[in-house]
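Rule-based calculations on the coordinates, nothing more; no lab input. Worth saying up front: this structure is predicted, and the values here are computed from it rather than measured. No Cβ is skipped: glycine too gets one built from the backbone with ideal geometry, and neighbour counts run over all protein chains shown.
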Amino acid sequence: MSRMLNPTFCRRVLLMLTISELDRPSVPMLMKTLGWPRRTVQDVIKALAGMGVEVSFIEDGVRHNDGYYQVSDWGSVNQQWVALHREQLQQALL
């Protein structure tokens, strides 16, 4: 991939892929896996709806913040393309 990739797009699709690959991905787990600050993870999750992506928070605990995220619809984003180009997408964020 020789074109410059938009870092905002890269961050969003990498988060979607990570949510899809992890078992019960919570914000702390996503922070650890991606190496991003809490606010970045939360802001990117919130922004995904603007891309036509459906991300659900599944409550799974006693407190109302206990739970994990699940991508239920990738919208117009091709999940296989994202997985295939993971390295290039990560490089765009450096």
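Of the residues examined, Arg63 is not one that is surrounded by 11 or more Cβ atoms within 10 Å (Cβ to Cβ) and charged (D, E, K, R). On the stretch given as the stretch 14-36, residues that are surrounded by fewer than 14 Cβ atoms within 10 Å (Cβ to Cβ), in contact with a Phe, Trp or Tyr (Cβ under 6 Å, 6 or more places away or on another chain) and either among the aromatic types (Phe, Trp, Tyr) or assigned to a helix (DSSP H, G or I) (or both) total 0.
With the structure loaded, tell me whether Arg11 is in a helix (DSSP H, G or I), under 10 Å from the mean Cα position of the chain (by Cα) and either surrounded by fewer than 14 Cβ atoms within 10 Å (Cβ to Cβ) or charged (D, E, K, R) (or both) or whether it fails that test. Before you say what the answer is, go through the steps one by one.
Working: in a helix (DSSP H, G or I): yes; under 10 Å from the mean Cα position of the chain (by Cα): yes; either surrounded by fewer than 14 Cβ atoms within 10 Å (Cβ to Cβ) or charged (D, E, K, R) (or both): yes.
Taking the combined requirement at face value, the residue satisfies it.
Scanning the stretch 37-65 for residues being out of contact with any Phe, Trp or Tyr (no Cβ under 8 Å at 6 or more places or on another chain), free of Cβ contacts under 8 Å to residues at least 24 places away in the same chain and outside any helix (DSSP H, G or I) gives a total of 8.
Residues satisfying the criterion are present in the stretch 69-87 (criterion: surrounded by fewer than 10 Cβ atoms within 10 Å (Cβ to Cβ) and either in a helix (DSSP H, G or I) or among the aliphatic types (A, V, I, L, M) (or both)).
The set of residues in the stretch 1-24 being hydroxyl-bearing (Ser, Thr, Tyr) and free of Cβ contacts under 8 Å to residues at least 40 places away in the same chain consists of Ser2, Thr8, Thr18.
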